[in-house]
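First up is the structure itself, then whatever we jot down about it.
The values are calculated or read from the model by the stated rules, or taken from the named source; none is laboratory data. No experiment lies behind these values; they were computed from the predicted model shown. Methodologically, a virtual Cβ is constructed for each residue, glycine included, from the backbone with ideal geometry; neighbour enumeration extends over all protein chains shown. Only protein heavy atoms, including side chains, enter the accessible area calculation; ligands, DNA and RNA are left aside. Shrake-Rupley method; radii C 1.70, N 1.55, O 1.52, S 1.80 Å.
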Amino acid sequence: MNNLKTWTRRMAATLAVAGAGAVAPVLHAAEIVVGQVAPLSGVLASTGAQMVLGGKIYFDWVNAQGGVHGATIRHAVADDGYKVADTVTRTRELLAKPEVVALYGFAGTANITQLLSDGVLEQGGAALVAPYTGGESLRNPFNPWIFHVRAGYADEAEHMVQQLTTLGMNRVAVMYQDDGFGKAGLAGVEAALAKRNLKLVVSAGYERNTDKVDEAVKAIKAADVHAVIMIAVNKPAAAFIQRYREQGGGAQLYNISVVDPTELVKLAGLKNAHGLGISQVVPYPYRPQLPVVREYQTLLKKYAPEAEVNYTSFEQFLGAKVLVEALRRAGPAPTRAKVVKALESLQSYDLGGITLGYSPTNRIGSRYVEVTVIGSNGRLMK
């Protein structure tokens, strides 16, 4: 993990020197450029490192096999620090480069929503594959530019509420990030409860890019609920878990999929994080039961031997496989428009035990959800 952090810092430093997101000016012959904007600094830095790593190991392997139609994939990465304005700036910089044929693996519901509302993706005409968000506003109404690999937050909320109510836990609170991401998850929980003629007991927000959760802890602890569903990222989620437990809060805790359990255990302490339920939108990557999980574990060991198996890097590995298949189908000398058409042709594509599908009228590749739990050893259990 320390080596991965060193790699993250090195990556961020390289980007800073290169001009905070500029693509290297030299374009080699027979090269395909894929652009990724990720949070390599700020509150989501550890997640951003995993996001980049998941794609990198697959692109490295494809290049080692001779690339796509003889062309090498260049993975151009820019850091946005999880800041909306920086996401827009870095994306515009990438799309100004004609050699960038597709975008891949961005983070943040609010960040990507801004790209849509500013018309950045439409003006650029490039597909964005496998964004690390389940925000409903990015799925409905339909937009043609974003190809989702993961289920939406509404799907995750439905699954968690179904599990809770089946166990007789109907007094539910939500702790959420006060932005597009958090509000999307909050709306999903409210809708899942309403379907069962239930209402939230209390909801409490915290400010984006902070871990200021004391007011949320106070409000939720006072409400005496059975369960708390957190729509939060690593640092504020860990802060809530630690303070809520240390102040005697006894509700069952859940978090939506966008957290790293290793980071939560480290920040909140195993005593507090033990028993936390985390919804997941891709299959369990720790046991090599599926062919694609075996492939991921093999390539992780080969190209990043210091890194550990992780849900986030696995999800982005799947996204990279989707994108590379689209590049193959787009033919030699792919264009942005050809990549969009190629992605639409993946109507029932088997990644190795996981099937995704798109079409000209569908951009949601999967609705897979399951819940995992942090066990007594700090590792995730199914």
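Relative contact order, whole percent, for the range 35-130 stands at 34, derived from Cα pairs under 8 Å and 6 or more residues apart. Kirkwood radius for the chain, taken over all pairs of different Cα atoms as the inverse mean of 1/r, rounds to 20.9 Å.
Once neighbouring chains are kept in place and the probe is 1.4 Å, which whole percent of the accessible area of the chain is contributed by carbon and sulfur?
52
Placing R0 at 41 angstrom, the Cβ-Cβ distance between E306 and K199 gives a FRET efficiency of 0.30 after rounding to 0.05. Note that the range 129-134 has calculated 3J(HN,Hα) couplings of 9, 6, x, 8, 7, x Hz, one per residue in order, obtained from phi through the Karplus relation 6.51 cos²θ - 1.76 cosθ + 1.60 (θ = phi - 60°); glycine and proline are x.
Solvent-accessible area per residue in the chain equals 38 Å², computed with a 1.4 angstrom probe and all protein chains kept. In terms of the mean number of neighbouring beta-carbon atoms within 10 Å, the peptides 333-344, 300-311, 72-83, 178-189 order highest first as 178-189, 72-83, 333-344, 300-311. Compared with the alpha-carbon gap, the fully stretched path from D60 to N140 is longer by 25.4 nm at 0.36 nm per residue. Projecting label points 7 angstrom from Cα along Cα→Cβ for K382 and D224 puts them 3.9 nm apart.
Comparing N209, N272, N197 in a Gaussian network model of the chain, where Cα atoms under 10 Å apart are tied by springs, the biggest mean-square fluctuation is seen for N197.
Backbone phi angles across the range 139-154, fed through the Karplus curve with coefficients 6.51, -1.76 and 1.60 (θ = phi - 60°), yield HN-Hα couplings of 10, 9, x, 4, 10, x, 9, 9, 10, 7, 9, 9, 5, x, 4, 5 Hz in residue order; Gly and Pro are listed as x.
From helices alone, the chain scores -13500 deg cm²/dmol at 222 nm; the rule is -39500 (n - 2.57) for each run of n ≥ 4 DSSP H residues, then divide by the residue total.
In this structure the amide hydrogen of Y176, modeled in the peptide plane, comes within under 5 Å of the amide hydrogens of A204, G205, Y206, I231, none closer than 5 places in sequence on its chain.
Descending by average beta-carbon neighbour count within 10 Å, the peptides 351-358, 40-47, 284-291, 97-104 line up as 40-47, 97-104, 351-358, 284-291, the highest first. In terms of the Cα gyration tensor, with a ≥ b ≥ c the square roots of its eigenvalues, is the range 192-298 rounded because a/c is under 1.5, prolate because a/b exceeds b/c, or oblate? Taking the square roots of the gyration eigenvalues as a ≥ b ≥ c, the range 192-298 is prolate. Note on exposure: T113, T372 ranked by accessible area (1.4 Å probe, complete protein assembly) read T113, T372, with the most exposed listed first.
Pull out a ≥ b ≥ c, the square roots of the eigenvalues of the alpha-carbon gyration tensor of the range 107-181, then state rounded if a/c is under 1.5, prolate if not and a/b is larger than b/c, and oblate in the remaining case.
prolate
Taking loop as defined by DSSP and a crowding limit of 15 other beta carbons within 10 Å, which chymotrypsin sites (Phe, Trp or Tyr not before Pro) in the range 141-173 fit? Answer in residue order: F142. Across the chain, C-alpha contacts under 8 Å between residues 6 or more apart give a mean separation that, scaled by the residue count, equals a relative contact order of 18 percent.
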